[in-house]
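Okay, so here's the structure we're looking at.
The values are calculated or read from the model by the stated rules, or taken from the named source; none is laboratory data. The structure presented is a predicted model; accordingly, all values stated were derived computationally and were not measured. Quick reminder, even Gly has a Cβ in these numbers, built from the backbone with ideal geometry, and neighbours come from all protein chains shown.
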Amino acid sequence: MFERMKCLVSALAVILCSLSVNAESPAEQRVTEAIKSPNVSVVHLWAPWCSNCQAELKSGGWIEMVKNNPNVQFYFVSVWNGGEDGRPMLEKFGIGKQPNVTVLADPGPRTGDKIKQFAGLPLSWIPTTWIYKGGDLRYALNYGEIRFPVLQQMLADSTSEWSHKGDQASVK
């Protein structure tokens, strides 16, 4: 009987340990809930120390995107940054206090050196930018700096309604 109880306790410990390792951070929970909105949401994973992230900010592209798209909610999530949100750098470039911007920080590694996923998607590089609408991932830009005209087109595409119904080229 004692051996069976010992096995059950060990199994429970393994389950609880795996749950705590894979548990979402508060930033992930907030983003996961927010992207369910029927509107377009942009999740930008970045860090203030990252030279690619700094280049995007210095170009003025992000503040222009935020200002030109007031109906889009932007989530700037600082990752791999010791739990710091990087707000001072965002504010330096006019981003942190915009009404359609939410600034969040992932608390840091939950396993290994860096988190390997965020909100259920793999994370291997920053900056990473994801576009959602109604809980659906529309675009994932996972490696490197954004080309802002391309991002603007993706936002426009994410808000447009389209269909192949009536398309002359459709297969019959």
Considering region 137-153 alone, what residues qualify as being free of Cβ contacts under 8 Å to residues at least 60 places away in the same chain and in a loop (DSSP other than H, G, I, E, B)? N142, Y143, R147
Enumeration of residues in region 85-127 that are of a type in the set (A, V, I, L, M) and touching a Gly at 6+ places or on another chain (Cβ under 8 Å): L90, V103, A105, I115
What is the residue count in region 86-97 for residues that are surrounded by fewer than 19 Cβ atoms within 10 Å (Cβ to Cβ) and either at pLDDT 95 or above or among the aromatic types (F, W, Y) (or both)? 6
Might you check whether a residue that is part of a helix (DSSP H, G or I) and either over 25 Å from K116 (Cα atoms) or in contact with an Asp or Glu (Cβ under 8 Å, 6 or more places away or on another chain) (or both) occurs anywhere in region 32-49? yes
Condition set of a type in the set (V, I, T) and in contact with a Phe, Trp or Tyr (Cβ under 7 Å, 6 or more places away or on another chain), scope region 98-128, selection surrounded by the most Cβ atoms within 10 Å (Cβ to Cβ): answer is I126
Filter region 119-136 for residues that are more than 10 Å from V40 (Cα to Cα) and either in contact (Cβ under 8 Å) with a residue 40 or more places away in the chain or assigned to a helix (DSSP H, G or I) (or both) and give the result. A119, G120, L123, I126, P127, T128, T129, W130
Of the numbered conditions (1) over 18 Å from A140 (Cα atoms); (2) touching a residue at least 60 places away in the same chain (Cβ under 8 Å), L90 fails exactly one; give the number of that condition. (2)
Would you confirm, using the coordinates I've provided, whether A27 is at positive phi, in contact with an Asp or Glu (Cβ under 7 Å, 6 or more places away or on another chain) and surrounded by 14 or more Cβ atoms within 10 Å (Cβ to Cβ)? no
